[in-house]
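The values are calculated or read from the model by the stated rules, or taken from the named source; none is laboratory data. All figures in this text were calculated on a predicted structure; none of them were measured in a lab. In this analysis, Cβ positions are derived from the backbone assuming ideal geometry, glycine residues included, and neighbour counts consider all displayed protein chains.
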Amino acid sequence: MQKKMLGIGLVLVLASSLQLCAQSTGKEITDRKWFVGSTLLLFGNLDKTNNPGYVQINAGYRITPKDIIQVRFKRSQYAWPLGIPFGRDFDAPGLNYPGHARILAPQIGYQRFWWKGVYTSLYVLNAFEKYMDENEKRIGNGFTLYTDFYLGYHLKFFNDRFFFEPAIGISYWPIRTGLPDSFKAVEQRWPNYFIQPGLDFGFKF
C-alpha cells in the first residue's frame, strides 16, 4: 500500500511541477478566505491487506495572505506499529498487532506561507483510540497526542478556486496511553515518529 501511495504522490508532484510557472503569475486572489478539502491518501482505502477505512475532512480560514488556521477530522483503523517506515517491513508477517486500533481524531493546525507557494505547517492531533483483539473484542482504550510538521508547496488551479499541496512531513507522538501489553510487545522496536507524504487538496470560497 505504501509503495502505491508513494508512486501516486510522486506522479502527482511531477505533474504538478509543470504548472508552477502558471500558478505563480498574475494577481493573487485574496477574497477567498475559507476552504474545505481532504487528502489523496484516501486511495489507501483500496488496500485489501490492511484497509484503514481512512476518512479525513479539512476546513480552514485565511487570517492574512500568509497565515492560515485549519481544523481536520480523521478516522481510521490500523493493525501495524505506527513507527514502521515505508518499505518491506510494513505489512510483513509477524510485525503487525494481534488485532487493530480504531482512531477518532480532531486536529488543529497553523500554516505559514514564506515565498510564493512554499509553506510550513504544524498540527496537533488528539487521537482517541480503541484497541481490538483478533476477534473484534475491545481490550482497551487509549489516547495519543500527535504533532505533525510539513514542508510543502501550494499549487493553484482554475483561477485559484482549487488547490493541491504536495508536501513531506514528520509525525511525532510524545504521549501515548492505554496501549495493551500485547501491542506494546510489537511496538517497542520502532521509533515514536514517522516520515510521510502530504497530499492535501481543497476548494476555496
Note on Phe163: of the conditions (1) surrounded by 18 or more Cβ atoms within 10 Å (Cβ to Cβ); (2) aromatic (Phe, Trp, Tyr); (3) touching a Pro at 6+ places or on another chain (Cβ under 7 Å), unmet is (3)
Can you name the condition, by its number, that Pro174 falls short on among (1) surrounded by fewer than 17 Cβ atoms within 10 Å (Cβ to Cβ); (2) touching a helix residue (DSSP H, G or I) at 6+ places or on another chain (Cβ under 9 Å)? (2)
Give segment 153-205 a look and list any residue that's under 27 Å from Lys130 (Cβ atoms) and hydroxyl-bearing (Ser, Thr, Tyr), or say none. Ser171, Tyr172, Thr177, Ser182, Tyr193
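Residues are listed down the side, and each one gets a yes or a no for (1) in contact with a helix residue (DSSP H, G or I) (Cβ under 8 Å, 6 or more places away or on another chain); (2) not hydroxyl-bearing (Ser, Thr, Tyr):
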residue	(1), (2)
Lys33	no, yes
Lys48	no, yes
Gly60	no, yes
Ser76	no, no
Leu82	yes, yes
Pro85	no, yes
Pro98	yes, yes
Leu104	no, yes
Ile108	no, yes
Conditions (1) among the hydrophobic types (A, V, I, L, M, F, W, C); (2) surrounded by 14 or more Cβ atoms within 10 Å (Cβ to Cβ); (3) outside any loop (DSSP other than H, G, I, E, B) -> Trp80 fails only (3)
Can you find a residue in segment 176-195 that is outside any loop (DSSP other than H, G, I, E, B), closer than 24 Å to Trp115 by Cβ and touching a residue at least 60 places away in the same chain (Cβ under 8 Å)? yes
Every residue in segment 84-132 that is within 17 Å of Ser182 (Cβ to Cβ) and either of a type in the set (Gly, Ala, Ser) or exposed (fewer than 13 other Cβ atoms within 10 Å of the Cβ) (or both), please. Pro93, Gly94, Gly99, Ala101
Residues located in segment 53-83, provided they are over 18 Å from Thr39 (Cα atoms) and not small (Gly, Ala, Ser): Arg62, Ile63, Thr64, Pro65, Lys66, Asp67, Trp80, Pro81, Leu82
Of the residues in segment 85-122, those that are touching a residue at least 60 places away in the same chain (Cβ under 8 Å), part of a loop (DSSP other than H, G, I, E, B) and closer than 23 Å to Glu136 by Cα come to Phe90, Asp91, Leu95, Asn96, Tyr97, Pro98
Selection count, segment 133-160, where residues are hydrophobic (A, V, I, L, M, F, W, C), surrounded by fewer than 19 Cβ atoms within 10 Å (Cβ to Cβ) and under 21 Å from Gly198 (Cα atoms): 4
Within segment 51-77, how many residues are assigned to a strand (DSSP E or B) and aromatic (Phe, Trp, Tyr)? 2
Would you pick out the residues in segment 55-77 that are among the β-branched types (Val, Ile, Thr) and crowded, with 18+ Cβ neighbours inside 10 Å? Ile68
Any residue in segment 77-96 that is under 21 Å from Phe201 (Cα atoms) and either among the hydrophobic types (A, V, I, L, M, F, W, C) or modelled with pLDDT of 70 or more (or both)? no
